Amino acid sequence: MPSRTSGSNKQRGQEVAVPGALYLLLLLCVPLVLYNLRPRPALLLPAAICYLLVVLPRALGPQLPQASPLWLPRTLAALILTRTWAASLRAWAAWTARGVVVGVKFVIICVVRACLVLPLSVCVGVGVLCHQTYLALHGVRITCNQIVFFLMLQEVVTPWAHLTALYFVLFYTVLLYIYRALFGRQWTRGVQVGGQSRDLARLAVWYIATRLGRGVAMSFVLVMFTVQFTHVEPDLAFISVTFPYYMLTAHRWSGQERIVSWIRALRLPLLEEEEDFWVPLGALALPVAASLGVGVMAAPSRPWLAVVGCYTNLLVPCLLIARRVAGRDSPPAMVLTACRRATPEEVAERPTCPVCLDEMRQARVTPCHHLYHAACLASCLAHSVLCPLCKQPIITEP
């Protein structure tokens, strides 16, 4: 029969042993005491031995394996491994958080570039390309300018006549074509045989195009006057503004027009004998001023048309005017930028222009201190950048 002692031990093993309150308190408080006793090794060593040999076995004795002498090393190893695992876990969590932050930033940058930067770059590139193409197409640029101005003026003067602007653009275009066809072409030019004209088909096409030019012009006239102008109700103000505007914008100003010679005959001191430069510049600036005034009046009722007019009638013409003034390929512009205006004393000292041998009222002084008419100097600079007298360079190459 089993002994009484073994039965009691078995019953004690099945029960859950709970340490006393005193040992639990010591289990929690003694480490704090040991931490505070670090500066005193004489007290720290006995307290540590007491804690390891008395407090821990009494507090954790029921939970430790019976007759296991390795419980203390196992406990210390578990604590060390737990601390190492916790440090590794913190490092891994920090690395993961850093990676997540970097990944989120990368995703945000990609989304911003894909949704904002890339479409904006494409739009800017397409806009610049369209702008350069629009500047290169002279006929399209002038026609758009005229149509937008006519529409804005129609909105101000005759808002009830919706097709007046388009009809008058067609009417003025046909009149200009008739004028150029009748006065700007040589209708009596004969056919020259020889050289590059031996191809019979080319000769036939050239002959037909030459002889039927008047027929094309008259066909335009017939088509124009057979259109039913039921929606056209212009008044005198509309015609008096649109016709000069059309003539100013449709003509390519070169400075050799008759109006330039007429204004030169007036001898205006303000123009400084540079009528061939300032008159075309003024002819380009007048439509800009007219478009600005009409656009301000039409903006409250047609804001989108005013926005389009800001580009076609203000921005683009101003860019062309600035290019004409600042362009180094323009002799009058080179005279303005490289040669200063002569003082009255300098003109009185040397009153004769060396180029045209005429008397000078206004003059320009070159860097080599020679005086010329501005127009005479511009005509010389059109062929060479050297001074006509001393052959020194007037324009320095960039």
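Summary table
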read-out: Contacts under 7 angstrom Cβ, first residue in the stretch 268-280 being modelled with pLDDT under 70, partner of a type in the set (S, T, N, Q), 6 or more apart; value: E272/Q362; E273/Q362
read-out: Scope the stretch 289-313; condition in a helix (DSSP H, G or I) and surrounded by fewer than 18 Cβ atoms within 10 Å (Cβ to Cβ); matching residues; value: A289, L292, G293, V296, M297, P303, W304, L305, V307, V308, C310, Y311
read-out: Condition met for S291 (of a type in the set (S, T, N, Q) and at pLDDT below 80); value: no
read-out: Which listed residue, of A67, A86, A77, is surrounded by 11 or more Cβ atoms within 10 Å (Cβ to Cβ) and modelled with pLDDT under 70; value: A77
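The values are calculated or read from the model by the stated rules, or taken from the named source; none is laboratory data. Because the structure is a prediction, the values reported are computed rather than measured. Neighbour counts are summed over all protein chains in view; Cβ atoms, including those assigned to glycine, are modelled from backbone coordinates with ideal geometry.
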